[in-house]
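Engineer: Just dropping this structure here.
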Amino acid sequence: MSKREDQNLRQGPSPERISILYEHYQSGKFSDAEKLAVDITQEYPEHPFSWKVLGLLFKQQGRVDESVAAMQRSISLSPQDAEARNNLGATLQESGRFEEAETSFTEAVALKPDYALAHYNLGNTLKELGRLEEAVVRHMQAIELKPDYAEAYSNLGLALQELGRCDEAEASYRHAISLKPDFFQAHNNLGSTLKNLGRLDEAEASYNQAIALSPDYAEAYSNLGVTLKELGRLDEAEESHNKAIGLKPDYAQGHCNLGVTLQEGGRLEEAEASHRKAIALQPDQAEAHLNLSFILLKSDRLKEGLDEHEWRWDVAEHKSSNRRFPQPLWDGQKSLHDKRILLWSEQGIGDTLNWASCLPLVASLAGHTILECQEKVVSLLERSFPDIEVRPQDRRRDSKREDFDFHLPMGSLYRHFIQHIGKSDVDAYLIPNP
């Protein structure tokens with residue numbers, strides 16, 4: 001490299017070229033901006049701003065790997081650029097790389113503590129990671145820095161809603177709407193909180209307002225349909241769900257919600273088709289799998305239905321009742337010979353007593369069987385199954401348990417012993433107090 005070439009690299013592009021690049025990007029002339037950014041990065045590979053713009057342009061086109069590489073190049077050349085780290089975090093977040101996104105956003109706010117957008121983005125990422133309390137803190141920090149930040153108020157409401165703090169969520173959504181009356185997403189989110197609070201008429205009004213502001217808002221139509229179903233207006237609910245699917249044919253949740261309405265109306269074949277469509281579009285759509293399980297069980301397709309029922313733990317309303325132990329879940333295949341298995345109640349007393357019919361089957365396979373259930377039925381089940389250790393349920397030490405080798409929720413017993421259901425010679429298995 002000649003001395004003159006080295007001097008050019010160090011000097012960088014002229015202010016006029018940078019100004020033109022910035023104007024192209026800001027005015028939406030993305031093709032011109034990309035061409036110029038590529039030219040500048042090739043001519044001045046040590047110039048961070050052109051790499052930063054190029055990363056944003058790649059992100060808009062969905063070229064994630066190229067975007068990440070360009071943004072990382074910009075950061076390596078300008079390590080103190082908080083905006084570049086925020087941009088990188090946004091790309092990583094959109095591609096589902098939430099742990100990496102968290103790192104980038106955290107670095108951005110460390111470099112620039114008053115950076116409201118980075119706090120907001122970090123809050124969104126923490127919510128995706130399930131760390132809701134931390135998400136609340138970050139959104140509140142963004143609001144403190146920018147009191148008119150309507151989007152932060154709305155997303156704060158989402159985190160509060162998932163935490164079950166619906167009154168606070170409602171207040172947050174209403175504040176967002178007061179700042180930005182045409183904020184149709186906030187009207188939709190408010191509708192969801194009002195529905196959770198049981199205020200269905202108000203929820204319906206909020207969804208209708210969201211639709212009035214954004215007539216092609218498929219999610220609002222689907223949410224409206226859910227509320228109309230709960231109001232008992234099944235025909236209107238079906239119409240609303242069909243409108244949502246018409247606007248967005250690949251909307252898996254919309255197909256699932258339609259399936260629930262059809263189920264409610266007893267149209268099981270159509271409901272099954274809707275849930276299967278949702279699963280085809282989104283194979284991990286847990287709610288559709290669970291709803292499908294009920295249809296299959298009701299139509300006596302037991303094995304398939306019980307397999308689908310295992311998706312219950314991925315549905316939001318069931319996650320809190322799941323128990324997390326260091327030991328593995330029993331898969332029904334591994335030998336229990338000389339092993340200890342813990343069975344635990346997951347629903348009400350009626351279900352516990354129903355599933356208890358399988359206890360002798362488990363005990364015949366295991367070295368030792370422990371059952372944890374509701375305290376009210378401990379004595380009954382101790383008396384009925386003297387070979388099984390029965391205890392009242394206690395979740396406080398779940399993460400530190402060492403007294404068993406495998407565990408299984410009672411709702412999974414039928415799945416592993418399906419061949420025995422209804423074939424036992426024993427008519428009664430519970431022994432009353434003499």
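Engineer: Could you list all residues from the stretch 250-268 that are under 13 Å from Tyr221 (Cα atoms) and not polar (S, T, N, Q)? Give the derivation first.
Structural biologist: Kept after step one, since they are under 13 Å from Tyr221 (Cα atoms), are these residues of the stretch 250-268: 251, 253-255, 257-258.
Within the stretch 250-268, Tyr251, Gly254, His255, Leu258 qualify.
Engineer: Taking Glu151, is it at pLDDT below 95 and either open to solvent by less than 20 Å² (accessible area, probe 1.4 Å) or not hydroxyl-bearing (Ser, Thr, Tyr) (or both)?
Structural biologist: It is false that Glu151 is at pLDDT below 95 and either open to solvent by less than 20 Å² (accessible area, probe 1.4 Å) or not hydroxyl-bearing (Ser, Thr, Tyr) (or both).
Engineer: Against the definition (closer than 27 Å to His289 by Cβ and of a type outside the set (S, T, N, Q)), how does Phe325 come out, yes or no?
Structural biologist: So Phe325 fits the description; yes.
Engineer: Could you check, for the stretch 294-311, whether at least one of its residues is within 33 Å of the chain's Cα centre (by Cα), within 12 Å of Phe406 (Cα to Cα) and at pLDDT 95 or above?
Structural biologist: No; the residues of the stretch 294-311 include none that is within 33 Å of the chain's Cα centre (by Cα), within 12 Å of Phe406 (Cα to Cα) and at pLDDT 95 or above.
Engineer: Among the residues of the stretch 389-434, what is the count of those that are open to solvent by 70 Å² or more (accessible area, probe 1.4 Å), modelled with pLDDT of 90 or more and not in a loop (DSSP other than H, G, I, E, B)?
Structural biologist: 3
Engineer: Of the residues that make up the stretch 283-291, is at least one open to solvent by less than 30 Å² (accessible area, probe 1.4 Å), in a helix (DSSP H, G or I) and in contact (Cβ under 8 Å) with a residue 60 or more places away in the chain? Quick ask: steps written out before the conclusion?
Structural biologist: Here is the first cut: in the stretch 283-291, the residues open to solvent by less than 30 Å² (accessible area, probe 1.4 Å) are 285-286, 288-291.
Going one step further and asking which of them are in a helix (DSSP H, G or I), we end up with 286, 288-291.
Then drop every residue that is not in contact (Cβ under 8 Å) with a residue 60 or more places away in the chain, which leaves none.
No - not one qualifying residue is present in the stretch 283-291.
Engineer: Now a separate question. Of the residues Glu107, Glu34, Glu134, which single one is buried (at least 16 other Cβ atoms within 10 Å of the Cβ), of a type in the set (Asp, Glu), without any contact (Cβ under 8 Å) to a residue 12 or more places away in the chain and part of a helix (DSSP H, G or I)?
Structural biologist: Glu134
Engineer: Just wondering, is there one or more residues in the stretch 167-187 that are open to solvent by 60 Å² or more (accessible area, probe 1.4 Å) and within 22 Å of Ser320 (Cβ to Cβ)?
Structural biologist: yes
Engineer: Now for a separate question. Limited to the stretch 311-327, what total is found for residues that are over 20 Å from Gln393 (Cβ atoms) and either surrounded by 13 or more Cβ atoms within 10 Å (Cβ to Cβ) or not aliphatic (A, V, I, L, M) (or both)?
Structural biologist: The number of residues fulfilling the criteria is 3.
Engineer: Does Gly164 satisfy the condition of being touching an Asp or Glu at 6+ places or on another chain (Cβ under 9 Å) and either open to solvent by less than 70 Å² (accessible area, probe 1.4 Å) or assigned to a helix (DSSP H, G or I) (or both)?
Structural biologist: no
Engineer: Another one. Inside the stretch 397-422, can you point out the residues that are over 15 Å from Glu346 (Cβ atoms) and touching a Phe, Trp or Tyr at 6+ places or on another chain (Cβ under 7 Å)?
Structural biologist: Across the stretch 397-422, the qualifying residues are Arg401, Phe406, Ile421.
Engineer: Let me ask something else. Among the listed residues Glu304, Glu308, Glu346, identify the single one that is under 28 Å from Ala278 (Cα atoms) and open to solvent by 50 Å² or more (accessible area, probe 1.4 Å).
Structural biologist: Result of the check over Glu304, Glu308, Glu346: Glu304.
Engineer: Suppose we filter the stretch 103-148 for residues that are under 20 Å from the mean Cα position of the chain (by Cα) and of a type in the set (Asp, Glu); how many remain?
Structural biologist: Residues flagged as under 20 Å from the mean Cα position of the chain (by Cα) and of a type in the set (Asp, Glu) within the stretch 103-148 amount to 3.
Engineer: Would you check which residues across the stretch 226-253 are crowded, with 24+ Cβ neighbours inside 10 Å and within 14 Å of Ala273 (Cβ to Cβ) and list them?
Structural biologist: Correct list: His241 only.
The values are calculated or read from the model by the stated rules, or taken from the named source; none is laboratory data. Please read all numbers here as calculations on a predicted model, not as lab measurements. Neighbour counts run over all protein chains shown; Cβ positions are idealised from the backbone, glycine included. Calculation scope for accessible area: heavy atoms of the full protein, side chains included, ligands and nucleic acids excluded. Shrake-Rupley method; radii C 1.70, N 1.55, O 1.52, S 1.80 Å.
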